[in-house]
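Structure first, then comments.
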Amino acid sequence: MPVITLPDGSKREFESVVTGAELAASIGAGLAKAALCVRVDGELRDIYLPIEEDAKVQIITAKDADGLELIRHDTAHILAEAVKELFPETQVTIGPAIDNGFYYDFSRKIPFSSNDLEAIEARMKEIVARATPIRREEWNRDEAVAFFKSIGEHYKAEIISAIPADQKISLYRQGNFIDLCRGPHAESTAKIGTGFKLLKVAGAYWRGNSNNEMLQRIYGTAWASEKDLKAYLTMLEEAEKRDHRKLGKELEL
């Protein structure tokens with residue numbers, strides 16, 4: 001019978017093991033809909049995992065910094081899934097959340113074009129609309145290496161090979177796409193929403209070493225809502241206009 005202590009000090013007692021999603025639902029339907037993950041005794045966890053013992057728990061939503069970072073990280077995974085669906089020959093490498101957004105590095109012989117970015121972004125929105133469950137799986141390291149090699153993902157296999165052999169590997173599966181990640185992630189692609197936009201493609205050496213392959217890095221921005229996204233894009237446009245005006249004045253001098 002776990003006793004859950006919420007951030008305001010209130011307690012909720014359950015007759016059996018409870019998940020973060022069930023805890024959120026017991027508080028209110030609105031919170032259940034907004035919940036992305038939970039912080040249990042200071043550790044971020046997937047919202048569908050069981051909480052078996054007494055614990056201090058915070059429900060994380062997009063209003064929290066952790067929630068916004070989760071959205072950006074999940075959007076990077078959705079980007080990778082979209083690229084693999086549209087360009088199956090492409091290899092995925094790494095894709096973290098960053099300030100104001102995310103990126104993912106890809107190994108592909110043909111450069112991504114602006115038309116490709118539009119197609120990828122459209123496919124990302126399709127993936128969100130599918131509401132595909134996102135689930136954590138724990139694998140043996142060597143099995144994970146063999147799996148990624150078998151599907152032609154040699155960069156991912158190289159990353160996993162560097163992990164100690166006795167350490168469990170956490171993979172996250174969404175539909176036919178599976179990726180290495182420590183998590184947590186939202187329980188469904190639908191939770192991410194459509195407050196994202198792909199911005200540009202840049203080059204990045206694998207492992208940051210100029211002796212390695214030049215990868216293609218797709219940058220994007222992601223926010224809790226389309227309203228927040230629009231505000232950010234407007235800010236970028238205004239900043240670009242100010243820079244152009246400043247440059248114009250400098251050239252006149």
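Here are a few things to note about the model shown:
- Failed item in (1) touching a residue at least 60 places away in the same chain (Cβ under 8 Å); (2) open to solvent by less than 30 Å² (accessible area, probe 1.4 Å), with K125 passing the rest: (2)
- Only a single item in (1) over 19 Å from the mean Cα position of the chain (by Cα); (2) under 13 Å from T93 (Cα atoms) is not met by I160, and it is number (1).
- Filtered residue count, the stretch 93-122, keeping only those that are of a type in the set (A, V, I, L, M, F, W, C), out of contact with any strand residue (DSSP E or B) (no Cβ under 6 Å at 6 or more places or on another chain), open to solvent by less than 50 Å² (accessible area, probe 1.4 Å) and more than 22 Å from Y232 (Cβ to Cβ): 1
- Meets criteria (without any contact (Cβ under 8 Å) to a residue 60 or more places away in the chain and buried (at least 19 other Cβ atoms within 10 Å of the Cβ)) for L215: no
- Applying the set (1) without any contact (Cβ under 8 Å) to a residue 12 or more places away in the chain; (2) within 28 Å of I163 (Cβ to Cβ) to T132 leaves exactly one unmet item: (1).
- Taken together, the residues in the stretch 51-67 that are within 18 Å of G28 (Cα to Cα), open to solvent by 50 Å² or more (accessible area, probe 1.4 Å) and not in a strand (DSSP E or B) amount to 1.
- Pair list, Cβ < 8 Å and 6+ apart or interchain, from the stretch 181-210 residues that are open to solvent by 60 Å² or more (accessible area, probe 1.4 Å) to residues that are of a type in the set (D, E, K, R) and at pLDDT 95 or above: K197/E121
- The requirement of being closer than 17 Å to R217 by Cα, among the charged types (D, E, K, R), outside any helix (DSSP H, G or I) and modelled with pLDDT under 95 is fulfilled somewhere in the stretch 94-102, by at least one residue.
- If you filter the stretch 26-50 down to residues that are over 24 Å from the mean Cα position of the chain (by Cα) and open to solvent by less than 60 Å² (accessible area, probe 1.4 Å), you find that the one that is farthest from K63 (Cα to Cα) is S26.
- P88 under 30 Å from D116 (Cα atoms) and either surrounded by fewer than 20 Cβ atoms within 10 Å (Cβ to Cβ) or in contact with a Pro (Cβ under 6 Å, 6 or more places away or on another chain) (or both): yes
The values are calculated or read from the model by the stated rules, or taken from the named source; none is laboratory data. Not measured: the values here are computed from a predicted model. With ideal geometry, Cβ positions are generated from the backbone for all residues, glycine too; neighbour counts draw on all protein chains shown. Note: areas computed on protein heavy atoms with side chains; ligands, DNA, RNA excluded. Shrake-Rupley method; radii C 1.70, N 1.55, O 1.52, S 1.80 Å.
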